[in-house]
Amino acid sequence: MPGLIDAHVHLSSAASVDLANDNISSDFTAIESLQAAEESLLRGFTTLRDAGGAGYGIARAFEKRKATTPRLFYSGKALSATGGHGDFRGTTESKICSCQVSGSNISTICDGVPEVLKATREQLREGATQIKIMAAGGIASPADKITNLQFSDDEILAIVDEAKRNGTYVMAHAYTPEALIRCVKLGVRSLEHANLLDEKAAKIIAANNAFIVPTLAIYEAFYLHGKEFNTPDHVLEKLGGVRSNSLEAIKIAHDYSINVGFGTDLLGGLMKYQNTEFKIRSQVETPFQTLYSATYKNAELLNMVDKLGIIKSGAFADIIVFEGNPLEDIDLLVNPNESIKLIIKDGYIVSDKLTT
């Protein structure tokens, strides 16, 4: 079958489950990012879309290691408003006053149309294949609520316009129906998480041919293993509100024929649970639906139809071979070390257990 695509990763957070990552050196982060990507490839993911953090340097390193790393689509730094989901300072931490301050390993802080335009252009200058924005409150950020709507309409419109004029699109962090509807109406193409999707939002998303990218693995991993990985308390406190509705959101998305992608959003030591996304989604999806999301639909999202997510003449030679049929048994994808017998990425044999 075609190589898998994970459309929501954070490689620069491979060193820690704390998204801020501000006390971890950049060289250590780079090494951890490379290792995380190599491990992801051995799980069958031949392509990754980074949702904030990975930049030109990591992409260049991957390009030099084609045979051992996945193909990478990167956003550079995610754009966040002050106090938004990419601003990991607590309420009592220091103020900032300079334009476009880096908020963390994954984000940059920018306010007002001139600043967001500059930040967008900086990511594009560094080769970003899409632009990521924090359009609403999140779990990992200490100073906001899930229900917060972030950036003004004018700011988001400016970012979307700049991305479109450069031949790409915007992906946005958003949970609530209000945030999802607002993003779609302002031209955002890829809606990340969408856990609290309802029927009203689903109708509008479907009508605009936008995508949602569920990331259920991260919530389950935090719920089951968060404390052992020293997950910050504010993260665990916010978790329940979005985790409980995740499966229902996917059901609604399919009911309204929304484009449903596949992502995981895992951080630090939790990245090893990447393939649990298949098992979690199997509660509301057929194996075909989940595999279709992780291959063809994600290729469509990345504007790589006929190149990724498919086996055909002219497509990239990304192929994984299983012992068994994952369309009949999704557990084959949950345990890739046992079931995957051959991994080919871009024509390179990455792992071959057929001849050993």
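The values are calculated or read from the model by the stated rules, or taken from the named source; none is laboratory data. The structure displayed is predicted, hence computed values, not measured ones. Here the Cβ positions follow ideal geometry from the backbone for every residue, glycine too, while neighbour counts run over all protein chains shown.
Structure summary
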quantity: Which listed residue, of THR295, THR290, is of a type in the set (Ser, Thr, Tyr), more than 21 Å from HIS10 (Cβ to Cβ) and touching a Lys or Arg at 6+ places or on another chain (Cβ under 9 Å); calculated: THR290
quantity: Segment 206-224, residues that are of a type in the set (A, V, I, L, M, F, W, C) and either at positive phi or assigned to a helix (DSSP H, G or I) (or both); calculated: ALA206, ALA207, LEU216, ALA217, ILE218, ALA221, PHE222, LEU224
quantity: Boolean, GLY90 is in contact with a Pro (Cβ under 7 Å, 6 or more places away or on another chain) and part of a loop (DSSP other than H, G, I, E, B); calculated: yes
quantity: Tally of residues being farther than 19 Å from LYS297 by Cβ, touching a strand residue (DSSP E or B) at 6+ places or on another chain (Cβ under 6 Å) and of a type in the set (Val, Ile, Thr) across segment 160-191; calculated: 1
quantity: Test result for LYS145, touching a Gly at 6+ places or on another chain (Cβ under 9 Å) and in a loop (DSSP other than H, G, I, E, B); calculated: yes
quantity: Pair list, Cβ < 7 Å and 6+ apart or interchain, from segment 107-126 residues that are at negative phi to residues that are at pLDDT below 95 and assigned to a helix (DSSP H, G or I); calculated: GLU126/TYR56
quantity: Residue pairs meeting the criteria (Cβ under 6 Å; at least 6 apart or on separate chains; first more than 12 Å from GLY3 (Cα to Cα), in segment 336-356; second surrounded by 20 or more Cβ atoms within 10 Å (Cβ to Cβ)); calculated: PRO336/ARG43; PRO336/GLY44; PRO336/ASN275; SER339/LEU332; SER351/ILE343
quantity: Candidates THR290, THR264 - the one that is assigned to a loop (DSSP other than H, G, I, E, B), crowded, with 19+ Cβ neighbours inside 10 Å and β-branched (Val, Ile, Thr); calculated: THR264
quantity: Cross-chain or 6+ apart pairs with Cβ under 7 Å, segment 239-252 first and outside any helix (DSSP H, G or I), then at pLDDT 95 or above; calculated: ASN245/ASN195; ASN245/LEU196
quantity: Among residues of segment 176-205, those that are hydrophobic (A, V, I, L, M, F, W, C) and part of a helix (DSSP H, G or I), counted; calculated: 9
quantity: Entirely in segment 34-82, the strands (runs of 3 or more DSSP E) that have 2 or more residues that are within 14 Å of the chain's Cα centre (by Cα); calculated: 45-50, 71-74
